[in-house]
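Let me begin by presenting the structure, written as structure tokens, before commenting on it.
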Amino acid sequence: MKLTSLSSNLWSTTLISMNKNMIQRSLVLLKPDALDRGIVGEIITRFERVGASIVGLKLLVSEKDTAEKHYTEDLAQRRGEAVRNMMIEMLLSGPVVAMTVEGVEIVEVVRKMVGATEPKAAAPGTIRGDYSHVSFAHADEKGIGVFNLIHASSSPEEAEVEINVWFRPEELFNRDSSYTKFTVKK
Ligand code: ADP
């Protein structure tokens, strides 16, 4: 075997195995404040614009049990029990849009697009930075959750758990998306 074809084979094998691991899914929730503001379409457009595939999408009013499974004890440990309780109440206060998006290393990409937790600190160009502005101090003074419009999974492992909280397997679709179509021939 010629060296060039050996290296091309190696490269294509590597590409294919990288591809398998690199295509991820992320759970995105448009929280009730996003629906109140009437910006659902604009937010979804941003994910479509970067080429992420929507593989699950629904409008629903969350069950208490679902909200508690979403904002788990982990949030209480990181931010305090009061914040967890406020956020569960907040999730239950109106309809939410639950989405599963798929793409190459999409968990990190979506988090980048969403921006920092505190809208005041979120960079312009991010969803939170462009559409919200409130601060932790303001939320604390009022005794309310920080209204920052959107939730996105913070790791592939968390995404797997969260997608299961919000979607049944039959509600998710396999898409033949552009990022999967062009493979290197052996
Ligand atoms: P993120 O949503 O950016 O992953 P966290 O998981 O830490 O952030 O927090 C979950 C949600 O709880 C945040 O999106 C925000 O709406 C709310 N939150 C976090 N910290 C506070 C706080 N100190 N006061 C009020 N609400 C908060």
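The values are calculated or read from the model by the stated rules, or taken from the named source; none is laboratory data. Bear in mind that the values here come from a model prediction, so they are computed numbers and not experimental data. Heads up, the Cβs are rebuilt from the backbone with ideal geometry, glycines too, and the neighbour counts pull from every protein chain shown.
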So, of the residues in the range 139-159 that are acidic (Asp, Glu) and loosely packed, with under 14 Cβ neighbours inside 10 Å, which turns out to be farthest from the ligand (Cβ to nearest atom)? Glu157
Residues of the range 70-104 being surrounded by fewer than 17 Cβ atoms within 10 Å (Cβ to Cβ) and within 16 Å of the chain's Cα centre (by Cα), which ones? Val104
Pairs under 8 Å by beta carbon, first residue modelled with pLDDT under 95 in the range 142-158, partner more than 7 Å from the ligand (Cβ to nearest atom) and charged (D, E, K, R), six or more apart or different chains? Gly145/Glu89
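So, in the range 161-176, how many residues would count as being in contact (Cβ under 8 Å) with a residue 24 or more places away in the chain and either in a helix (DSSP H, G or I) or small (Gly, Ala, Ser) (or both)?
Step one: of the range 161-176, the residues in contact (Cβ under 8 Å) with a residue 24 or more places away in the chain are 162-163, 165-167, 171-175.
With either in a helix (DSSP H, G or I) or small (Gly, Ala, Ser) (or both) added as a condition, the list becomes 162-163, 165-166, 171.
Of the residues in the range 161-176, 5 are in contact (Cβ under 8 Å) with a residue 24 or more places away in the chain and either in a helix (DSSP H, G or I) or small (Gly, Ala, Ser) (or both).
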Count of residues meeting criterion [within 18 Å of Val146 (Cβ to Cβ) and over 11 Å from the mean Cα position of the chain (by Cα)] in the range 105-114: 0
Subset of the range 58-104 (residues that are within 24 Å of Arg25 (Cα to Cα), within 15 Å of the ligand (Cβ to nearest atom) and in a loop (DSSP other than H, G, I, E, B)): Ser62, Tyr71, Thr72
Residue hits (the range 105-136; buried (at least 16 other Cβ atoms within 10 Å of the Cβ) and not in a helix (DSSP H, G or I)) are Gly115, Glu118, Ala122, Thr126, Ser132, Val134
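Quick grid of which residues meet (1) among the basic types (Lys, Arg); (2) in contact with a Pro (Cβ under 7 Å, 6 or more places away or on another chain); (3) at pLDDT 95 or above:
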site: Leu15; (1), (2), (3): no, no, no
site: Asn19; (1), (2), (3): no, no, no
site: Gly41; (1), (2), (3): no, no, yes
site: Arg49; (1), (2), (3): yes, no, yes
site: Ala52; (1), (2), (3): no, no, yes
site: Leu57; (1), (2), (3): no, no, yes
site: Thr66; (1), (2), (3): no, no, yes
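Quickly run through the range 80-115 and pick out the residues that are among the acidic types (Asp, Glu) and either touching a residue at least 24 places away in the same chain (Cβ under 8 Å) or in contact with a His (Cβ under 7 Å, 6 or more places away or on another chain) (or both). Show your work before the answer.
First pass over the range 80-115, keeping only residues among the acidic types (Asp, Glu): 81, 89, 102, 105, 108.
Of everything in the range 80-115, those that are among the acidic types (Asp, Glu) and either touching a residue at least 24 places away in the same chain (Cβ under 8 Å) or in contact with a His (Cβ under 7 Å, 6 or more places away or on another chain) (or both) turn out to be Glu89, Glu102, Glu105.
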